[in-house]
1. With the condition kept exactly as written, say whether any residue in the stretch 71-90 is within 14 Å of the ligand (Cβ to nearest atom), in a helix (DSSP H, G or I), free of Cβ contacts under 8 Å to residues at least 40 places away in the same chain and closer than 30 Å to Ser218 by Cβ.
2. Tell me whether the stretch 48-61 contains one or more residues that are assigned to a helix (DSSP H, G or I), in contact (Cβ under 8 Å) with a residue 24 or more places away in the chain and more than 18 Å from Leu173 (Cβ to Cβ).
3. What's the number of the condition Lys66 fails, among (1) closer than 20 Å to Ala95 by Cα; (2) within 11 Å of the ligand (Cβ to nearest atom); (3) charged (D, E, K, R)?
4. Which residue out of Gly14, Gly56, Gly32 is closer than 20 Å to Asp201 by Cβ and within 11 Å of the ligand (Cβ to nearest atom)?
5. Determine, yes or no, whether Gly126 is in contact with a strand residue (DSSP E or B) (Cβ under 6 Å, 6 or more places away or on another chain) and in contact (Cβ under 8 Å) with a residue 60 or more places away in the chain.
6. Considering (1) in contact (Cβ under 8 Å) with a residue 40 or more places away in the chain; (2) in contact with a strand residue (DSSP E or B) (Cβ under 8 Å, 6 or more places away or on another chain), say which one Lys105 fails and leave the rest.
7. Does Arg21 satisfy the criteria of being more than 24 Å from Leu209 (Cβ to Cβ) and in a helix (DSSP H, G or I)?
Amino acid sequence: MNVILLGPPGAGKGTQSDYLRDTYKLTKLSTGDMLREAVAKGSELGLEAKAIMAAGQLVPDNIMIKLIRNAIWGDNCPNGFILDGFPRTTAQAVALDKMLLEEEKKLDFVIELKVDDAALVERISGRFSCKQCGAGYHDKFRRRITEGVCDTCGSTEFVRREDDTAETVSKRLVAYHEMTAPLLPYYESAGLLRSVDGMADIAEVTAALNRIITNGKSDVA
Ligand code: AMP
């Protein structure tokens with residue numbers, strides 16, 4: 001199964017794609033994570049992407065398309081993939097269609113997490129993750145069981161993303177509405193778009209995703 005999760009920053013794509021990865025044994029391809037890794041390593045890609053990401057803008061299409069082409073090539077995703085953060089522009093979506101055709105693969109669902117812009121700044125500015133295992137948390141919506149200790153690996157070190165500031169979030173939202181939202185009608189006309197209410201609790205969103213995967217229909221209009 002090959003799935004795309006679409007939605008603005010803070011919609012919950014990361015959390016839900018972790019769930020889909022673990023439950024359906026899919027390969028999770030998060031372009032944001034790939035870029036952050038490249039920045040941390042100081043690779044050529046990282047050096048190119050760092051300032052763009054910090055400014056809340058989009059990394060050029062040709063770089064992103066190459067990254068995804070390598071990731072989905074051949075048997076790299078044996079049970080299929082879940083895309084989180086790609087495609088983000090029409091050019092990326094068209095390139096993805098082309099590479100899937102060449103690879104004789106297809107998309108099963110493009111699932112939109114619908115959220116109100118007003119909620120996103122609060123969601124994003126409260127989030128952080130475990131430095132060791134990457135488990136995601138939120139000051140208000142997803143607290144650790146024991147304060148200061150990672151539920152998953154027991155680490156006591158946590159990090160916040162540099163681009164999760166109120167100022168950068170507004171720029172990322174503008175980029176989403178201008179560049180990424182046009183993908184909704186694109187996938188709608190291909191008959192692939194399904195939508196869930198991303199404002200619901202994490203567990204409810206997960207249940208809605210499972211219903212879509214099981215019976216193929218959207219949960220909300
Ligand atoms: P994310 O973790 O998905 O919110 O991505 C963080 C940042 O990485 C974005 O604000 C962009 O600067 C960059 N980025 C991630 N995926 C893409 C993409 N598909 N196209 C362009 N830029 C991207």
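Here, each number is a calculation from the coordinates, and none is a lab measurement. Since the model is a prediction, treat every value here as computed from it, not as a measurement. Ideal geometry is used to build each Cβ from the backbone, glycine not excepted, and the neighbour counts take in all protein chains shown.
1. Checked against the condition, which is being within 14 Å of the ligand (Cβ to nearest atom), in a helix (DSSP H, G or I), free of Cβ contacts under 8 Å to residues at least 40 places away in the same chain and closer than 30 Å to Ser218 by Cβ, the stretch 71-90 yields no hits at all.
2. Yes, some residue in the stretch 48-61 is assigned to a helix (DSSP H, G or I), in contact (Cβ under 8 Å) with a residue 24 or more places away in the chain and more than 18 Å from Leu173 (Cβ to Cβ).
3. (2)
4. Residue meeting the stated conditions: Gly14.
5. no
6. Every listed condition holds for Lys105 apart from (2).
7. no
For every residue, the table says whether it meets (1) surrounded by 12 or more Cβ atoms within 10 Å (Cβ to Cβ); (2) in contact with a Gly (Cβ under 9 Å, 6 or more places away or on another chain); (3) more than 29 Å from Thr90 (Cβ to Cβ).
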site: Ser170; (1), (2), (3): yes, yes, no
site: Tyr176; (1), (2), (3): yes, yes, no
site: Pro182; (1), (2), (3): yes, no, no
site: Ala207; (1), (2), (3): yes, no, yes
site: Ile213; (1), (2), (3): yes, no, no
